[in-house]
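To keep things clear, I will list the structure first and then write my remarks on it.
The values are calculated or read from the model by the stated rules, or taken from the named source; none is laboratory data. What you are looking at is a predicted structure, and each value in this text was computed from that prediction instead of being measured. Glycine also receives a Cβ, built like all others from the backbone with ideal geometry; neighbour counts cover every protein chain displayed.
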Amino acid sequence: MVMDRGDGQLSPIPGLVLGAVLLLLAILPWPYGYYVFMRWIVVAASGYAAWVAYAGSRHTWTWILGAVAVLFNPVFPIHMRRNDWMVFDLVGAGLLGMAALRLRRSMTRDDRLGPRPANRSRP
């Protein structure tokens, strides 16, 4: 895993992978402190990745990762029952894992082809 993308910006991939693993582990019974720690890691990783996605004109991932950051924020927590959180933990882990793969692929593509144009139209 590349930590520095070569342009002075750190890669969000390690944080996304760590967040996904912590979310998968969250379905097990842990002390309350684990869930607070997990929220801080997930909100930091998804927030930074949303910013990187926005800077790279990947607006869909910006919104998805921003929503994950809002859902798991530790400052204004959303309260649900444990069974409800299990669903969101699994969905969140899947989203962070997919984001890591997609952003890694697009960053590799950008290294080969240069930056992606901001206004691109799809047929």
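Taking first residues from segment 69-90 that are over 24 Å from Pro12 (Cα atoms) and partners that are modelled with pLDDT of 95 or more and among the acidic types (Asp, Glu), no Cβ contact under 9 Å between residues at least 6 apart in sequence or on separate chains turns up. Just one of the listed residues (Ser11, Ser57) is at positive phi and either touching a His at 6+ places or on another chain (Cβ under 8 Å) or not aliphatic (A, V, I, L, M) (or both), and it is Ser57.
How many residues are out of contact with any helix residue (DSSP H, G or I) (no Cβ under 6 Å at 6 or more places or on another chain) and either of a type outside the set (A, V, I, L, M) or surrounded by 14 or more Cβ atoms within 10 Å (Cβ to Cβ) (or both) if we restrict to segment 31-47? Steps first, answer last, please.
Keep residues of segment 31-47 that are out of contact with any helix residue (DSSP H, G or I) (no Cβ under 6 Å at 6 or more places or on another chain), which gives 31-37, 39-40, 44.
Applying the additional criterion that residues be either of a type outside the set (A, V, I, L, M) or surrounded by 14 or more Cβ atoms within 10 Å (Cβ to Cβ) (or both) yields 31-35, 37, 39-40, 44.
Qualifying residue count, segment 31-47: 9.
Residues in segment 19-30 that are out of contact with any helix residue (DSSP H, G or I) (no Cβ under 6 Å at 6 or more places or on another chain) and modelled with pLDDT of 95 or more were compared, and the one that is surrounded by the most Cβ atoms within 10 Å (Cβ to Cβ) is Val21. Out of Val68, Val87, one residue alone is in contact with a Gly (Cβ under 8 Å, 6 or more places away or on another chain) and β-branched (Val, Ile, Thr). It is Val68. Kindly indicate whether Leu16 is over 17 Å from Pro74 (Cβ atoms), of a type outside the set (Val, Ile, Thr) and surrounded by fewer than 17 Cβ atoms within 10 Å (Cβ to Cβ). So Leu16 does not fit the description; no. The residues in segment 23-70 that are of a type in the set (A, V, I, L, M) and under 12 Å from the mean Cα position of the chain (by Cα) can be counted, and the count is 16.
Step by step: first the residues of segment 31-45, then only those that are of a type in the set (Gly, Ala, Ser) and at pLDDT 95 or above, then the one that is farthest from Asn73 (Cα to Cα). Which residue is that? Spell out the reasoning first.
Of all residues in segment 31-45, those of a type in the set (Gly, Ala, Ser) come to 33, 44-45.
Remaining after also requiring at pLDDT 95 or above: 44-45.
On the way: Ala44: 9, Ala45: 11 Å.
Result: Ala45.
Is there a residue in segment 17-29 that is closer than 15 Å to Arg102 by Cα and aliphatic (A, V, I, L, M)? Looking for residues that are closer than 15 Å to Arg102 by Cα and aliphatic (A, V, I, L, M), one finds at least one in segment 17-29, hence yes. Could you tell me whether segment 49-68 includes any residue that is at pLDDT below 95, in contact with a strand residue (DSSP E or B) (Cβ under 9 Å, 6 or more places away or on another chain) and surrounded by 13 or more Cβ atoms within 10 Å (Cβ to Cβ)? Checked segment 49-68: at least one residue is at pLDDT below 95, in contact with a strand residue (DSSP E or B) (Cβ under 9 Å, 6 or more places away or on another chain) and surrounded by 13 or more Cβ atoms within 10 Å (Cβ to Cβ).
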